[in-house]
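What follows is a set of notes on a single structure, which appears directly below.
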Amino acid sequence: MTGDSDFKLDINGRTRRFDVPATTTLLTLLRDELNVTSPKRGCNQGVCGACTVEVDGWPVRACLTLAAGCAGKPVRTIEGAGDALTGALQRSFVALGAVQCGFCTSGMLISARDLLRRVPRPTIEQVQAALSGNICRCTGYRKIVDAVLAAAEECAP
Amino acid sequence: MLANVPEARPIAGGATLVAMINADLVRPAALVSLDGIAELSGISGTAAGGLRIGAMTRHRETASDPRLADSLRLVAEAAAVIANPVVRNMGTMGGSIAFSDPCADYPSALVAARAEIEVAGPTGRRRVPAAEFFVDWYTTALEEGEIVVAIHLPPAVAGVSTYRKIARTAGDFAIAACAAVVEDGGAVRVAVGGCGPVPIADPAAEAGLAGRLAEPGVVRAFAAGLAEMADPMSDVRGSAAYRLRLIPRLVEATLGDLAGMREQAA
């Protein structure tokens, strides 16, 4: 329906060229073109948070982000995360049982890491607010919040 | 390009338009990204002492700008309760108001703040007061080929202001919302959102309210008047009857809180 656009994207540190329809979302590009599957397609409406990734240092909804608009802005998913903070969050999610079906987990990790980078010692209310756009349909919120607080405890300066 | 390609759509943050494309509600013939136009981004002071919020300014930036204080604080408060932190990284003020969702947070806040919307199109530029910009359900004063360039706010005046939203859960669209300003000089401005096609405001009645917030009967009559002007819808969030009962209580509570804040400050 819409003309193709030709652009280059830096995804998890690797730059590749794409030629896809202009309405292609970042989520479709990641999952269907690149097999980068940590961002999940839940609602495709920006509500559920399962597709949350980082673009230009900020968490965004991959399902609402046009891939062509990310040219020149680094795209980072959990696959590309090798930092200590993400590692601490991942260990803490596992240790405290904050993963049930796992569908929301990648998005939770991106949102939680963004919070801990900006607020190294968050209150429980700050964790809840930061994760308010990430829905867990197993409703395992309590353990997720506990896991973020535990990771903060481990990593805070 | 917007003017020349029929059915071309400008795209701002994508929070609404891409969701509509995903749901197959719209099939734009072309998308024109407004990203990267310097004039559309950021918040700056104006020669008149007010603030100019570029249309592409994200809700996150608006929510945290310290210049949105006193009589302008309600604009930052409205930005801070839109959706959730991730969507606030994406959505823009221009994109939000151009959609004119009556349950969105900016329309009533901008009406109460006496904002003016700067729009540009093939025939030039013009400024539209917020109260005239929102025309009907999902309809603005924008003409074919026009886009929102910026939102202009008058200089902050000493006083208090706030944005209160009743919603089912944090980040949901409003069942009802009240944006209100009480200036130290006594002037009061109120706009109710989520309860009809456009924000509800009654400038003539506001004039009668100036300096009289301590008189419960006067405030009650004012709040009841706004409810009478409302034509709310019934939707999944609440019935029209419920909204009509909410409006006067929400307006009275909001004005009561602002009066209390002024006393504390004094």
Can you give the relative contact order of the range A:82-155 as a percent, counting alpha carbon pairs under 8 Å and 6+ residues apart? 47 percent
Please identify the DSSP H helices in chain B that span no less than 24 Å along the helix axis (Cα) and have a mean Kyte-Doolittle hydropathy of 0.0 or more. B:240-265
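Students often get this wrong, so check it: of A:Lys40/B:Lys165; A:Lys8/A:Lys40; A:Lys73/A:Lys143, which have C-alpha atoms separated by over 29 Å?
Working: A:Lys40/B:Lys165 31 Å; A:Lys8/A:Lys40 23 Å; A:Lys73/A:Lys143 33 Å.
Where the Cα-Cα span goes over 29 Å, the pairs concerned are A:Lys40/B:Lys165; A:Lys73/A:Lys143.
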Output ³J(HN,Hα) for the range A:71-81: one whole-Hz value per residue in order, computed from phi by the Karplus curve 6.51 cos²θ - 1.76 cosθ + 1.60 with θ = phi - 60°, and x for Gly and Pro. 4, x, 10, x, 9, 10, 10, 4, 4, x, 8
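Looking only at other chains, what is the average number of their beta-carbon atoms within 10 angstrom of each beta-carbon in A:56-66? Provide the component values of the computation, followed by the final result.
On the way: counts 1, 1, 7, 6, 7, 10, 0, 4, 13, 5, 8.
If you average over the peptide's residues, the count of other-chain Cβ atoms is 6.
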GNM on chain A, C-alpha springs below 10 Å: top fluctuator among A:Pro74, A:Pro59, A:Pro21? A:Pro21
For the range A:100-157, rounded, prolate or oblate, judged on the Cα gyration tensor with a ≥ b ≥ c (square roots of eigenvalues), a/c < 1.5 rounded, else prolate if a/b > b/c? prolate
Using alpha carbon centroids, what distance separates the range B:236-266 and the range B:147-164, in Å? 20 Å
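Rg to Rh ratio, the protein assembly as shown, alpha-carbon atoms and Kirkwood radius?
On the way: Rg = 22.3 Å, Rh = 22.7 Å.
We get a ratio of 0.99 for the protein assembly as shown.
In whole angstrom, how long is each semi-axis of the equivalent ellipsoid of chain B, when you take the square root of 5 times every eigenvalue of its Cα gyration tensor and sort them from largest down?
Values: eigenvalues 189, 88, 52 Å².
Rounded to whole Å, the semi-axes are 31, 21, 16.
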Of all the C-alpha pairs in the range B:1-130, what % are more than 25 Å from each other? 25 percent
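Which of the three applies to the range B:6-49, rounded, prolate or oblate, going by the alpha-carbon gyration tensor with a ≥ b ≥ c and a/c under 1.5 meaning rounded? Before the final figure, lay out the partial values.
Numbers: a/c = 3.47, a/b = 2.48, b/c = 1.40.
It comes out prolate by the Cα gyration axes.
Using just the helices of chain B, give the 222 nm mean residue ellipticity in deg cm²/dmol: DSSP H runs with n ≥ 4 each add -39,500 (n - 2.57), and the total is spread over all residues, rounded to 500. It would help to have the intermediate numbers written out before the result.
On the way: 10 runs with 88 residues, N = 266.
Helix-only estimate at 222 nm: -9500 deg cm²/dmol.
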Please list the three semi-axes, largest first and in whole Å, of the ellipsoid equivalent to chain A, using sqrt of 5 times the eigenvalues of its alpha carbon gyration tensor. 29, 16, 12
Rounded to whole Å, give me the distance from the Cα center of the range B:3-22 to that of the range A:50-105. 26 Å
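What percent does the relative contact order of chain B come to when contacts are Cα pairs within less than 8 Å and at least six residues apart?
Details: 585 pairs, mean separation 42.5, N = 266.
16 percent.
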Any idea what the relative contact order of the range B:10-83 is, in percent, if you count C-alpha pairs under 8 Å spaced at least 6 apart? 21 percent
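For the range B:159-265, report the translational diffusion coefficient in µm²/s to the nearest whole number, using Stokes-Einstein at 25 °C, 0.890 mPa s, and a Kirkwood Rh over Cα pairs. Write down the numbers at each step before the final one.
Details: Rh = 13.8 Å.
D, rounded to a whole number, is 178 µm²/s.
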Karplus-derived HN-Hα couplings along the range B:92-109 (A = 6.51, B = -1.76, C = 1.60, θ = phi - 60°), whole Hz, x at Gly and Pro: 10, 5, x, x, 5, 6, 5, 7, 6, 6, x, 9, 6, 8, 6, x, 5, 4
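B:Val218 to B:Arg168: FRET efficiency via 1/(1 + (r/R0)^6), r the Cβ-Cβ distance, R0 35 Å, to the nearest 0.05?
0.65
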Can you pull the one-decimal nm distance between simple spin-label points at B:Arg249 and B:Leu25, each 7 Å off the Cα toward Cβ? 2.9 nm
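Just so you know, all these numbers are worked out from the coordinates, no wet-lab data involved. Being a predicted model, the structure only gives us computed values, none of them experimental. Glycine gets a Cβ as well: all are built from the backbone with ideal geometry, and neighbour counts include every protein chain shown.
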